[in-house]
Structure formats: C-alpha cells, structure tokens
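The values are calculated or read from the model by the stated rules, or taken from the named source; none is laboratory data. Everything quoted here is computed from the prediction, not taken from an experiment. Backbone-built Cβ (ideal geometry, glycine too); neighbour counts: all protein chains shown. Just so you know, the surface numbers come from the protein's heavy atoms only, side chains and all, with ligands and any DNA or RNA stripped out. Shrake-Rupley method; radii C 1.70, N 1.55, O 1.52, S 1.80 Å.
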Amino acid sequence: ASSGAGGALVSLIIDRELESFPLEACGVLARCATARDFSLPLLHLRVSAAPNAGKGAADKSKLRFICDPRAEDRNGSNGTVARPEDFSTLCEAFETDMKSAADWGGVMGSEHIPSTGEFQRAMVQSRLFLYHGVGPLLAHAPPAAIATLNLEECHAAVLLDRAENEAAHRRQSKVDTRETAAVIALRSAWSTAALLSLRGCNSVATTQWHLDPATVHKRSVRLVKEGLLAGTGVAEAVSKHGAKLVLEWREACAVADKAEVATQDLEERFAASEERRAAAEAAGEAGEEPEQTEEGEEPEKVEEAQVEEARAAATAALEARDELDAAMGGIEAALCLVVYGVPTVSC
C-alpha cells in the first residue's frame with residue numbers, strides 16, 4: 001500500500017480462485033484506489049518500467065484503439081435489454097464521445113474488420129491501448145498473435161471488451177465449436193491480463209463480466225475520457241466510478257432509510273398530537289374536563305412545520321440516493337472493471 005494524490009493506493013496479490021470476486025468493494029478497500037497483480041516481483045518490474053517509476057503519464061500522442069471490430073453492435077434491441085434512446089451504436093458513440101477528446105489512431109469495425117496485423121500494430125505502437133467492443137479481446141485477436149508481441153512500451157491497456165448482444169453471442173458460439181477449451185479459457189479477464197502483463201504491459205484495466213453495449217460505452221467515457229486523459233491514475237479512475245461510488249450509494253441508502261423512518265415516526269406523533277388537541281377542544285366546547293395525563297407527564301406537541309421539515313429531508317435523501325443509483329447504472333455495472341498492474345498510470 002502507498003498514498004497518492006487521490007488517497008491510498010493498494011495492490012492486491014490474490015489467489016486465482018478469488019479473482020472473480022469484486023474484492024475492491026469490500027470494507028476499507030472501497031475507500032482506496034485498488035489494483036491487482038500476480039506476484040510481488042512482477043509488480044516491482046512493472047513499477048520500474050512505468051513512466052517516472054509508476055508516477056508519470058503515458059504519451060498522449062500515441063493513443064491507439066480498436067472499436068467493435070466486426071460492427072456487431074447495431075441500432076436495435078439487445079435481446080431483452082432495451083437500448084437507451086440517446087445511444088446509437090458503439091462505433092458511432094465512440095466517434096462522437098471519444099475521438100474528439102484526443103488524437104486517437106486505430107480502426108473502427110464500421111470502416112472494415114481489422115486484421116490480426118492491425119491488432120498487433122495498434123498494441124505495439126501505443127502508450128495507451130483501448131479495445132472497445134463486442135466480445136472478449138482474445139476472441140477477435142488470436143492469443144498466439146498477442147503472445148509474440150513486445151508490449152513494454154504499452155503503459156496501459158484498457159479492455160472494455162465484454163459488450164454483448166444476442167446475434168454476436170450466437171456467432172461466437174458457432175465459431176467456438178472449432179476452438180479448443182484452452183484457447184477459450186484464455187479469454188477470461190484474469191488470463192487476458194496475465195498474457196498482456198507477461199508481454200510487458202504495465203497496467204491492464206478490464207471488464208470481468210458481460211454488459212450491454214450502452215453500459216460498456218458509459219464506462220469507457222468515465223474511465224478514459226474523464227479519467228486517464230484528464231490525468232487521473234487508472235486505479236483511482238476505476239475506483240471513483242466503481243467501488244467508491246457503490247460505497248457512497250450504500251451510505252446514501254442508509255441515510256434515506258433512516259430519514260424515512262424518522263419521518264414516519266414524526267408523522268405518527270403529529271397525528272396523535274392532533275387527536276389530543278381535537279379531543280381537548282371538543283371537551284372544552286361540551287363543558288367537560290379534558291383527559292388528564294399521568295402526573296408529571298407533559299403531552300407531546302409536534303408542530304406541522306416539524307413534519308414538513310422531516311419530509312423535505314427525506315425527499316432530499318431519496319433524491320441523493322437515486323442520483324447515485326443512476327450514476328452507478330447498477331452494482332454489476334459499477335463493479336465490472338478491475339485493474340491489474342501499476343495503479344497510477346495516466347495520460
């Protein structure tokens with residue numbers, strides 16, 4: 001563990017059997033910028049090779065990307081997942097939201113299907129490599145082709161590679177009948193990060209599970225455009241819109257629940273107070289003595305202004321919770337990204 005501009009930085013060396021769990025959201029780790037690694041010697045090697053011993057920024061003039069290599073994300077429904085009205089396709093969204101933010105070089109599937117050589121050149125020539133598409137990276141670029149590359153100049157690889165839709169899933173399932181189980185197993189987040197790390201990449205940010213294309217694109221904008229390209233370290237950028245956001249949402253849920261309970265209690269006490277007041281007025285009009293309370297006990301008086309204030313506080317707490325919920329896009333979306341390697345690489 002160490003400290004950085006965004007707070008504590010933590011590197012986790014975890015067992016292979018635990019890597020699929022969102023450990024970054026557990027306890028104190030949710031408040032830190034957390035990255036994973038495979039061993040301490042590899043982490044030391046990465047830090048030594050990274051810009052300014054892991055504290056510097058990658059060269060913005062060498063940004064490379066591959067976006068939806070087969071243009072499989074089309075403007076339509078993704079099975080049972082509704083497509084947002086403000087989202088067209090991955091390629092069009094990348095053109096609009098990402099390419100204008102920096103000087104990117106690369107290939108979009110809407111132009112042509114990139115060859116294996118184009119995948120290799122994009123990765124070798126990059127300081128920051130972004131794969132943004134449908135299906136895992138290694139389903140489009142053969143693992144054997146990646147295993148021959150020297151990626152020591154690639155300071156960060158961002159793999160937002162598990163966007164999914166029904167048609168692409170059917171096509172990939174058919175192709176996979178000709179692949180071996182060992183090759184398919186390499187497409188997992190852990191195995192892909194391990195392969196890129198062994199070839200020299202200093203930091204790998206990758207999705208752990210499948211999401212719809214619109215959610216994957218939103219992750220890319222927050223991580224790359226608003227994070228790395230703005231100078232934020234990769235682990236801090238992932239944590240800010242991931243584990244830390246989930247933690248804030250949980251805290252907001254607790255505050256909202258507490259405010260609702262307090263409001264309900266105050267409303268009940270106000271109703272009881274109004275009943276006592278009405279009973280006292282009725283007894284006075286009838287010339288009767290009002291009901292006496294126990295000796296020494298003062299009847300509780302709750303004003304309507306107190307109730308309104310409590311309702312306003314509860315409404316504000318609910319709005320804050322809902323705002324964080326919308327920003328997350330669901331817990332599974334917020335926690336989909338993990339970082340392997342140097343946590344501080346940025347651009």
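At a glance:
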item	result
Amide proton proximity set for G106, modelled H, under 5 Å, gap of 5+	F65
Calculated P(r) over Cα pairs in 20 Å bins from 0, in percent (choose from [x] 27, 44, 23, 6, 0; [y] 27, 45, 14, 10, 3; [z] 29, 58, 13, 0), label	[y]
Residues of type aspartates and glutamates that K258 reaches as a straight line, Cα spacing below 19 Å, ignoring anything fewer than 8 places off in the same chain	E248, E267, E268, E308, E309, E319, D322, E323, D325
1.4 Å probe accessible area per residue over the chain, in Å²	50
Global form of segment 79-148, assessed from the alpha-carbon gyration tensor, a/c cut-off 1.5	oblate
E309, E152, reordered so the largest accessible area comes first (probe 1.4 Å)	E309, E152
Within the accessible area of the chain (1.4 Å probe), percent carbon and sulfur	53
Among beta bridges that DSSP assigns inside segment 30-183, antiparallel share in %, nearest 5	5
Area of S61 that stays accessible when all protein chains are in place (1.4 Å probe, Å², to 10)	70
Residues whose placed amide H lies under 5 Å from that of L186, excluding near-sequence neighbours	none
Protection-proxy order for peptides 198-211, 169-182, each taking the mean of Cβ atoms within 10 Å per residue, highest first	198-211, 169-182
Dipole magnitude (debye, nearest 20) for the chain, charges at Cβ of Lys, Arg, Asp, Glu	3940
Dipole magnitude (debye, nearest 20) for segment 191-250, charges at Cβ of Lys, Arg, Asp, Glu	20
T148 accessible area, 1.4 Å probe, all protein chains in place, Å² to nearest 10	100
Whole-number percent relative contact order across segment 128-222, with pairs defined as alpha carbons under 8 Å at least 6 apart	42
